[in-house]
Amino acid sequence: MMKQPSTSSGHQQQQQQQNHTIVQMPQQQVPAPAQQNPPQPNRPSLELLLGNREEKYIKFAVPLYEAAMKGDWKAAEPILRQDPHLMRAAITENEETLLHVAASAESTKAVEQFVINLVQLMEKPDLELQNKNWDTALCLAAAAGNIETAKTMVQKNRALIEILNFKKVMPLYMAALFAKPKMVAYLYNLSNKMVGDCWTHDNRGWVLQKCVEADMFDVALNILNDCPNIILPNRLLTDVLLALAQKPRAFEEEKTNSISTKIKSIFAAPNKKESAALELLKIIWEKVAKMGKKEIDDIIRGPSSVKTNKEGKAKRGYFSRVLFVAAKMGNTRFIIELIRSYPDLIWKQDHKGKTIFHFAVKFRQIEVFKLIYEIGAMKDLITPIKDENHNNMLHIVAKSVKQQQFENASGVAFQMQSELLWFQEVQKMIPPQYRQRENKRGKTPKELFTKEHEALLKDGREWMKDTASQCMVVATLIATIVFAAAFTLPGGYDQDTGIPFFRKEASLIIFVISDAVSLICSSTSVLMFLSILTSRYAEYDFKEALPRKLVNGIATLFLSIVTMMIAFSASFFVLYHNKVRWIPITITALASIPVMFYIFLQLDLFKDVVKAAYQSKHLFKPNKKRTLYY
């Protein structure tokens, strides 16, 4: 039995004959077929690499290498015409020939034509020459994704697609390994869909695995459909499922925004197309779910292995954890498909005693966590489950999450709010008698939460104060400007009566109203930010009170800026109401630029503030449509 190449994340393979798509492997090892004479590589001539380098290597190998990289056939042709044997000679220390170098060069029209001209001069056996790694030129072209170069070589010698390298893989595997989808599709069809004596269950499985890892799910799906008798060992099934578990976006349903589709959905149930990754998962998991409990556990957890902990003690556990990787990555659709066929998965624990819901809480994967609403009273038995350190789910949520989990939050203040919401939600869900339980270190969940979030609370307080201070300066300046403008109306006053000259002009009315609104809004904004600065900044202030004050302060600040610029523009329409109109129009257009620019810069912050203030209470609201069982 051959070993999987080191470039693959797969493991030792076993074979078994069975009559369906995905089948388990027997526990006993199947001996590999005996080979009297193992194949030997077709090595190129080493004459340019041996002896005097100045005489041969620099004179011939270097110019040929440079010509191949640039696609300069005019430079290479005279050398090859003078000595055709050089086409079969190695020109690099890795024993690549001129064709190897051209096949791996950047694909340009010049390089493609270079390969065409070179292949025309070569005999079929010359194309089968292999470097030190037993790679043919087609292997390198497949890895580089140079499809036109590959076509040129295959047209000359079709046997190239079945030549194995030192690691016992073919060009199709190399294309999948380096994620070249067009090359994979071309070689897959050319290989008669991996049917033939040269294809084994091992290298079919390796190609399948690399296609999944490279997001080429359509090709992987074709492999399973075209090879219904493919045999995948349990370890490779684990690798394929692990690759799928780490790709939550691959399971998103295709959405259409066309008007016709929306109209049709009113009169008929929407027909959402499943992703190729989801179809692939269903085919694999349908067969896995029919296996025995021990075999399923081996696949979703991986084989047990021994690791050393911080105390230097060796501990045996299951560290692959397909199911738990999916929970960590937030791959809800993946988890749903597995649980539908095997409901007991909700009880499975990793080597530290955590379920998928514990992982969802630990890594703040809210959609995975929401599945707990659909399992009824069983959640009262899952939430108190303790890990190896006697931490129940409330202890786990009390621990501060790593910084990268908050990449979508603007400001640590909202991070603190998110942590509070998570803690309160789990606290409501866990039975009351477990809320004050201590872990191995003697900490209750609330004590652990306070200790873990001391730094976050401090940073949130500083961020909130800095933001409020800066915004209050702007609001104060605006209030000062518009207050003074209220007493200096454009166009002046009647000296005798004190009545404005243009009091009946619409532009003056707009000026007065805008100025008043700007003054009111800026003053309100100042008071809001002052209230933030004088807050006590307790933990639960970050849940609703501070975010709402901040959103009201920013909103009124935005409005004061906009109305101030309207008043500014209206003043010019008052002054030029009977004269050249292009002056106030131009000034109005220019005045809108800083307003739009400021709004554009602060829009993301404002959206996050609004979301934190008013939408956060719906964060853990169960989905209207059941997703786990329907």
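Just a few scattered comments:
- Cα-Cα over 32 Å, subset of 354/624; 182/290; 386/465; 290/443; 168/328; 210/611: 182/290; 386/465; 290/443; 168/328; 210/611
- When you filter the trypsin sites (Lys or Arg not before Pro) in the stretch 331-391 for DSSP loop state and at most 14 other Cβ atoms inside 10 Å of their Cβ, you are left with 352.
- Around residue 70: net Lys/Arg minus Asp/Glu count, Cβ-Cβ under 15 Å: -3
- Counted by Cβ distance under 12 Å from residue 617, the other residues give a net charge of +2, where Lys and Arg count +1 and Asp and Glu count -1.
- Net charge of the neighbourhood of residue 556, taken over other residues with C-beta under 13 Å away and scored Lys/Arg +1, Asp/Glu -1, is +2.
- Given charges at beta-carbon only (K, R positive; D, E negative), |dipole| of the stretch 464-618 in Debye: 280
- For 347, 463, the sequence from fewest to most other C-beta atoms within 10 Å is 347, 463.
- Computed E for residue 433/residue 378 - FRET, C-beta separation, R0 22 angstrom, nearest 0.05: 0.80
- Highest mean packing comes first when the peptides 612-622, 283-293 are listed by Cβ atoms within 10 Å, giving 283-293, 612-622.
- Fewest-first ranking of 197, 83, using other Cβ atoms within 10 Å as the exposure measure: 197, 83
- In the stretch 510-580, trypsin sites (Lys or Arg not before Pro) in a DSSP loop with at most 16 other beta-carbon atoms within 10 Å: 536, 579
- Computed label-point distance, nm, for sites residue 72 and residue 614 using a 7 Å Cα→Cβ extension: 6.7
- In nm, spacing of pseudo-spin labels at residue 290 and residue 158 (7 Å Cα→C-beta vector): 3.6
No lab work stands behind these numbers, since they all come straight from the coordinates. Please read these numbers as outputs of a predicted model, since none were measured by experiment. A quick note on method: Cβ atoms are made from the backbone with ideal geometry, for glycine too, and the neighbour counts reach across all protein chains shown.
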